[in-house]
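For reference, the structure discussed in these notes is given below.
The values are calculated or read from the model by the stated rules, or taken from the named source; none is laboratory data. As the structure is a prediction and not an experimental result, all values here were calculated from the model. Cβ sites come from the backbone with ideal geometry, for glycine too, and all protein chains shown count toward neighbours.
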Amino acid sequence: MTRSLPAIRTLTDGELKELFQLAGWVKAELSAGRSLPRPDQTRTVGLLFFENSTRTRVAFEQAAGLLGHRVVNFGSSGSSISKGETVKDTILTLRFAGLDALVVRHPSSGAPQMIARHFPGPVLNAGDGRHEHPTQALGDALTIQEAKGRIEGLRVAIVGDVLHSRVARSNAWMLSRLGARVRFVGPRTLMPSVTAKLPAKVYYDLRTGIEGADVVMCLRLQRERMEDGHVGSVGEYARLYQISRQMLRHAAPEAIVMHPGPINRGVELDDAVADGGQSVILEQVKNGIYAKTAALAWSIGDLAGRAQA
Amino acid sequence: MKVILKGGRILNPATDLDIVGSVCIEDGQITDVGPDVDETGAGAEYDCRGLWITPGLVDLNCHLREPGNEARETIQSATLAAAAGGYTTICAMPNTQPPLDSPALIDFLLDRAASPDTGGVFVQPIGALTKGLNGREPASYASLKRAGVAAVSDEGSPTQNAALLQRAMEHCLQLDLPILIHADELSLSAGGSINEGGMSALLGLKGIPRSAEEVAIMRACVLALNTGCRIHILRVSTWGSVETIRQFKYLGAAVSCDVAPHHFCLTEEDMPEFDAHWKTTPPLRTMVDLELVQQGLSDGTIDCIASDHSPYADHEVEVPFEEAPFGFAGLESTLAVTLTHLTHRGILSPLETIRRLSTTPAEILRLEAGNLKPGTSPVAQVTVINPNLEWTFDVHRTFSKGKNTPFQGHRLMGKAVLTLVGTENYRDPGFEPERYRRS
């Protein structure tokens, strides 16, 4: 069975649990030095990136390799996408290029859903606009599980540019559905004007927002936010929303600090926190590969039944 | 030839007439309307029992796309669609390529509309507010008026400069030309694709705040109040817009407005996720807006209903949501959606329904249309409506080239079965004339 992964939000509870368990199993196998069982059939996974990314692309390449599948890369520069071909025509062409699954990154929210309507195989979202980044959230859930031993009941503060963040949305759905209590913390200009449909409690003050938090997850502040007036200046943002060692004292004593990368040092985090004992940022990178491996397997139909084993 | 529309419910809002009777059309002109008309020598008779006989519908906001975007629509396909939707007069918005900013282009449009292969409905051109719709220099309004425009508009290129809008109003006041206003403050709406609110937060789409529409409406109303120019606000969508217009009407501004069908029956919550067939501007709003828009229609603050017919080619719509164009093809669904969601639910009476779809738009633009009274139109413009016909809207059966609509598969109640412009123009396959006789 194959199935797409457009978002965490749209998964059923059963699917979400299954995916998380599979990711845990993949992680256990790989970190014990065992290799994953070879697939019955080697498949070809297309990495279709309409937006530049090195980290996510490389992580998916590694994930496909761990599962024994081939990867074909498509990018918007140097391909027909940059010659004015519509996305639909690109996809219709790829249907006949022998691709079994697609991993899509696109600057426009919802593009993976649109692409899935025209592609017969599974389509995995590797980040769409400001909508979702499901495999990032899956990896982050693994990281929290590893550091805290559980997710249920934890207080998770997601700090920064929530408005423009697909990481914030995917994590809020992922962690809240696994039983965490999620908070969004950030300035009004970087918070959706209506948050009633999102599974998080909103705080505009950093200190109140991270009070007692078990997990402090920082979001990247894009440079363009300074130009379009969302933040007054980098200095002002850092003064109000930076996680410094001093600010971190307001979180729970053993709180972990996360960041999806790349970090703007001195903006979202100070060096002492980024490199300190509470930081799990490098674990996030490692778990990101396990998460992407599990997501690919889950979508293509490999390793079925392994999660419960 | 003499045609009798016999025994129907005659709805003529211009004279507040709502009776059962017949309409007699001789040589393309309405000659008699009433309970008893002289039927001798009739060449064709239509049995209209159980049906409504109304003035032909008038659409004051319609995009024909010709010249320039014939892949989306042509004058021919749009007029055929209009006739099938019950319209006998449609206004052609100026945002074509090139925009309708000169008498030569108005001539072209009228010429094409009069060609025998079209749907035969009247096409009423609307002139461009600025040269090339560039938003900077006023067009030559006197020449445009002499060429036949009924109004000028910044449709598709909303005016951002208040001084320019005021200058245009001064010109148009002198010429007694109304201005149709595309109310959108672009500094607030730019980059947005759905209503700013719960859904935009959920789907991670940049929102179009209600303030983008309301700020622009307020500015236009202030200028209209100060200049005295007649203005008409196209497609209001928020409760704040309705309230603003209510206030400015009270203050004495010569302002009217319309609403498009999707804004009185659909909300942001109805959209299937990321379905570009549901993308429009102003965007679908919330239940509160929908209810207060319906109330505004019912109390007359909203003067009329316009289709805002905005056809696009399939390949333009089948793209990622944020890249898709705004707007719906609406000529063939507007009447039925209005009947289904307003009339059959008691929000508008049958007479008020026809007033909003025919009489008032004709009055706003001072057209010789929207009235069944003999002598009010150079040729008979009549629509026969079966208010209880149940059908399913299917874009594969429409005349319009634009298949972009949120109403695909929608169950509807009520449909135009006969549209006459002088002579029979569109007839529903299920509606046969009673008898033909040589006169």
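Remarks
- Cβ pairs under 9 Å, 6+ apart, first in region A:31-52 and in the same structural domain as A:Ala63 (by TED's automatic domain parsing), second surrounded by fewer than 12 Cβ atoms within 10 Å (Cβ to Cβ) and part of a loop (DSSP other than H, G, I, E, B): A:Thr44/A:Ala97; A:Thr44/A:Gly98; A:Gly46/A:Ala97; A:Asn52/A:Ser77
- Region A:1-10, subset away from every other protein chain (no Cβ under 14 Å) and under 14 Å from A:Gln113 (Cβ atoms), residue farthest from the chain's Cα centre (by Cα): A:Arg3
- Checking every residue in region A:51-61 against the condition of being surrounded by fewer than 20 Cβ atoms within 10 Å (Cβ to Cβ), touching a helix residue (DSSP H, G or I) at 6+ places or on another chain (Cβ under 7 Å) and assigned to a helix (DSSP H, G or I) gives zero matches.
- Boolean, B:His277 is touching a Lys or Arg at 6+ places or on another chain (Cβ under 9 Å) and free of Cβ contacts under 8 Å to residues at least 24 places away in the same chain: no
- Complete set of residues in region B:136-154 that are within 13 Å of B:Asp176 (Cα to Cα), over 23 Å from the mean Cα position of the chain (by Cα) and charged (D, E, K, R): B:Arg146
- Looking across region B:283-297 at every residue that is in contact (Cβ under 8 Å) with a residue 40 or more places away in the chain and within 19 Å of the chain's Cα centre (by Cα), the one that is farthest from the other protein chains (Cβ to nearest Cβ) is identified as B:Leu297.
- Pair list, Cβ under 8 Å, 6 or more apart: region B:206-228 residue within 14 Å of another protein chain (Cβ to nearest Cβ) and surrounded by fewer than 24 Cβ atoms within 10 Å (Cβ to Cβ), other residue modelled with pLDDT under 95 and in a helix (DSSP H, G or I): none
- Within region A:84-102, the set of residues being more than 10 Å from chain B (Cβ to nearest Cβ) and touching a Pro at 6+ places or on another chain (Cβ under 9 Å) comprises A:Arg95, A:Asp100, A:Ala101, A:Leu102.
- Among the conditions (1) modelled with pLDDT under 95; (2) surrounded by 18 or more Cβ atoms within 10 Å (Cβ to Cβ), the only one that B:Arg437 does not satisfy is (2).
- Single match in B:Ser187, B:Ser237, B:Ser256 (criterion: part of a helix (DSSP H, G or I) and at pLDDT 95 or above): B:Ser187
- Residues of region B:250-282 classified as over 16 Å from B:Arg356 (Cβ atoms) and away from chain A (no Cβ under 14 Å), total: 11
- Residue among A:Thr10, A:Thr2 that is in contact (Cβ under 8 Å) with a residue 60 or more places away in the chain, surrounded by 14 or more Cβ atoms within 10 Å (Cβ to Cβ) and not in a helix (DSSP H, G or I): A:Thr2
- When we screen A:Ala116, A:Ala172 for residues that are within 14 Å of chain B (Cβ to nearest Cβ) and surrounded by fewer than 24 Cβ atoms within 10 Å (Cβ to Cβ), the only hit is A:Ala116.
- Subset of region B:97-135 [closer than 21 Å to B:Asp176 by Cα and in a strand (DSSP E or B)]: B:Val123, B:Gln124, B:Pro125, B:Gly127, B:Ala128, B:Thr130
- Selected residue (only one of B:Leu365, B:Leu348 is crowded, with 19+ Cβ neighbours inside 10 Å and free of Cβ contacts under 8 Å to residues at least 60 places away in the same chain): B:Leu348
Rundown of residues vs (1) closer than 30 Å to A:Ile91 by Cα; (2) in contact with a Ser or Thr (Cβ under 6 Å, 6 or more places away or on another chain), yes/no style:
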{"position": "B:Pro282", "(1), (2)": "no, yes"}
{"position": "B:Pro320", "(1), (2)": "yes, yes"}
{"position": "B:Leu335", "(1), (2)": "no, no"}
{"position": "B:Thr343", "(1), (2)": "no, yes"}
{"position": "B:Leu348", "(1), (2)": "no, no"}
{"position": "B:Leu372", "(1), (2)": "no, no"}
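- Test: residue in region B:375-391 that is touching a His at 6+ places or on another chain (Cβ under 9 Å), β-branched (Val, Ile, Thr), surrounded by fewer than 24 Cβ atoms within 10 Å (Cβ to Cβ) and within 28 Å of B:Arg230 (Cβ to Cβ): no
- Total residues in region A:178-200, condition more than 19 Å from A:Val234 (Cβ to Cβ), of a type outside the set (A, V, I, L, M, F, W, C), within 14 Å of chain B (Cβ to nearest Cβ) and surrounded by fewer than 23 Cβ atoms within 10 Å (Cβ to Cβ): 4
- Any hit, region B:318-328, residues being part of a loop (DSSP other than H, G, I, E, B), among the charged types (D, E, K, R) and within 14 Å of chain A (Cβ to nearest Cβ): yes
- Search result, residues across region B:15-46 that are touching a residue at least 60 places away in the same chain (Cβ under 8 Å) and either closer than 16 Å to B:Pro433 by Cβ or of a type in the set (Val, Ile, Thr) (or both): B:Thr15, B:Val23, B:Ile25, B:Ile30, B:Thr31, B:Val33, B:Gly41, B:Ala42, B:Gly43, B:Ala44, B:Glu45, B:Tyr46
- Filter result (outside any strand (DSSP E or B), buried (at least 24 other Cβ atoms within 10 Å of the Cβ) and not basic (Lys, Arg)) within region B:52-76: B:Gly56, B:His63, B:Leu64, B:Glu73, B:Ile75
- Residue within region A:48-65 that is more than 23 Å from the chain's Cα centre (by Cα) and over 17 Å from B:Val319 (Cα atoms) present: no
- The sole residue among B:Glu170, B:Glu185, B:Glu196 that is free of Cβ contacts under 8 Å to residues at least 40 places away in the same chain and surrounded by fewer than 24 Cβ atoms within 10 Å (Cβ to Cβ) is B:Glu185.
- Residues of region B:356-372 that are out of contact with any strand residue (DSSP E or B) (no Cβ under 8 Å at 6 or more places or on another chain) and part of a helix (DSSP H, G or I): B:Glu363 alone.
- In region A:231-282, of all residues being touching a residue at least 60 places away in the same chain (Cβ under 8 Å) and among the hydrophobic types (A, V, I, L, M, F, W, C), the one that is surrounded by the most Cβ atoms within 10 Å (Cβ to Cβ) corresponds to A:Ile243.
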